[in-house]
Amino acid sequence: MKVLFATKNVAKIKRYKELLERNGLEVLTIKDLDFTLEIKENGEDATENAKIKAKAYYEKTLIPTIGIDDTLYIEGIPSELEPKTHVRRVGGKELNDEEMLDYYTNLIHQYGGKLKAYWLYGLAIYQDNGVKTYNYSKGDFYLVDKICSKINPGYPLDSITYLPKYNKYLVELDEIHDETLDDVIDFILKSIDKVDK
């Protein structure tokens, strides 16, 4: 069965596509379409933004559509500097990976060089029988002002995310099994209407 993953982010595609295809889904992404929608991701949180993206692409394609978004919170910075749902959009500008690393390392440096942070994620699946949502979070890490030599295109903050449990940057932990990802994949597989139209 075909599903559409409403993202252009190469890291998100890499993280989810193979696992979904291994479980019998044919995964298309925005890059596979002959159009791109201009969508205002103006939701209050990650789940709302995921729903906005998934709904827009589902209504255009009528292909069951998965939207995923994230919200970043950093402890120890003024509330007006909290990225929240605007992790890539700073000062009205969409940052590329290099600009993100520059912006966040400078911000972290300004407030001590090492700050606790956490992610809240939202996932939405739109299909003809309605919408289903899923939320999850990740914490127990620091954002630091020193960049790892390894960069993950699409997820540049993995290169400044330090996990004390492993004494390594997140980008260095490709071999570590992510149980949260298993739960996300399981939710998607259970939620998708498997009947081909």
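Since every read-out is calculated from the coordinates, none of them should be taken as a lab result. Since the structure is predicted, the reported quantities are computational estimates derived from the model, not experimental observations. Methodologically, a virtual Cβ is constructed for each residue, glycine included, from the backbone with ideal geometry; neighbour enumeration extends over all protein chains shown.
Observations
- The chain: angle of helix 97-110 to the longest principal axis, Cα-based, in degrees nearest 10: 40
- Computed from point charges on the beta carbon alone (+1 for Lys and Arg, -1 for Asp and Glu), the dipole magnitude for the chain about its Cα centre is near 140 Debye.
- Shape class for the chain: prolate, because the ratio a/c of the largest to smallest gyration tensor axis (alpha-carbon atoms, square roots of eigenvalues) is 1.5 or more and a/b beats b/c.
- For region 48-75 versus region 133-182, the spacing of their alpha-carbon centroids is 22 Å.
- Counting DSSP beta bridges with both ends in region 2-191, the antiparallel % (nearest 5): 85
- Degrees between helix 46-61 axis and first principal axis of the chain (Cα, 0 to 90, nearest 10): 30
- Between amide H atoms placed 1.01 Å from N, distances below 5 Å from residue 155 occur with 11, all of them 5 or more places distant or on a separate chain.
- Loop-located trypsin sites (Lys or Arg not before Pro) in region 53-153 whose Cβ has at most 13 other Cβ within 10 Å (DSSP): 146, 150
- Against the chain, whose longest principal axis is taken from its Cα atoms, helix 179-191 shows a tilt of about 20°.
- Karplus-derived HN-Hα couplings along region 23-32 (A = 6.51, B = -1.76, C = 1.60, θ = phi - 60°), whole Hz, x at Gly and Pro: 9, x, 9, 8, 9, 9, 10, 4, 5, 7
- Think of region 1-125 as having a plus end and a minus end, set by charges on the Cβ of Lys, Arg, Asp and Glu; of 25, 74, 62, 25 sits farthest toward the positive end of this dipole.
- Working note: Karplus 6.51/-1.76/1.60 with θ = phi - 60° gives region 84-94 the couplings 6, 7, 10, 5, 9, 9, 10, x, x, 10, 7 Hz, where Gly and Pro are set to x.
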